[in-house]
1. All but one of (1) under 28 Å from residue 28 (Cβ atoms); (2) buried (at least 20 other Cβ atoms within 10 Å of the Cβ); (3) modelled with pLDDT of 75 or more hold for residue 137; which doesn't?
2. On the basis of being surrounded by fewer than 14 Cβ atoms within 10 Å (Cβ to Cβ), modelled with pLDDT of 80 or more and within 17 Å of the chain's Cα centre (by Cα), does residue 109 make the cut?
3. Could you check how many residues of the stretch 11-46 are surrounded by fewer than 24 Cβ atoms within 10 Å (Cβ to Cβ), modelled with pLDDT of 90 or more and under 17 Å from residue 153 (Cβ atoms)?
4. Checking the condition under 22 Å from residue 49 (Cα atoms), in contact with a helix residue (DSSP H, G or I) (Cβ under 7 Å, 6 or more places away or on another chain), modelled with pLDDT under 75 and surrounded by 15 or more Cβ atoms within 10 Å (Cβ to Cβ), which residue from 155, 160, 149, 130 passes?
């Protein structure tokens, strides 16, 4: 029933997922700031956001975004604004605040929502899904829509399997990093700068 090129899809997907981007920065920064659980929960949120894009791609939102200039523009600006907001928050971190950050972390629910929104608010991911997933559906597949949905779920799962361990590793190092506030401050501000640049890049990017 699900007729896809699994091995080619898995290999290509892992390469795409392992490429550093906004999700990777978000998972690492949350894990370093608040520990292993924070990073893993953020990675889970990212994956759930991808499941949302799977549903949207299956329903054809990717085609709608490619056809509608104003809809793509609105969603793009929302996603860019969200990235810029997170980047500015990290850039504004002060060394005197790091001990407070470690002692009073955000709730796991908030971290989960942040991870999901970082994906759902990015229209490029919807377009990427719409263009990427159908390539691995075998020609003449009986149920191509179901196959695209299955590929999206597998991609989301692979994302968690890659980014979850990254959150775990960052969390293991978090205690050492918090005991070296200058180095931790540098990581926060570097992560903030990366998110800020990604947000500005998304805002200025043209519709595919």
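1. (1)
2. Working: surrounded by fewer than 14 Cβ atoms within 10 Å (Cβ to Cβ): yes; modelled with pLDDT of 80 or more: yes; within 17 Å of the chain's Cα centre (by Cα): yes.
Here the answer is yes, as residue 109 does meet what is asked.
3. The number of residues fulfilling the criteria is 1.
4. On the way: 155 fails: modelled with pLDDT under 75; 160 fails: modelled with pLDDT under 75; 149 fails: modelled with pLDDT under 75.
After applying the criteria, what remains is 130.
The values are calculated or read from the model by the stated rules, or taken from the named source; none is laboratory data. Since we're looking at a predicted model, the values are computed, not measured. Please note: Cβ atoms are built from the backbone with ideal geometry, for glycine as well, and neighbour counts cover all protein chains shown.
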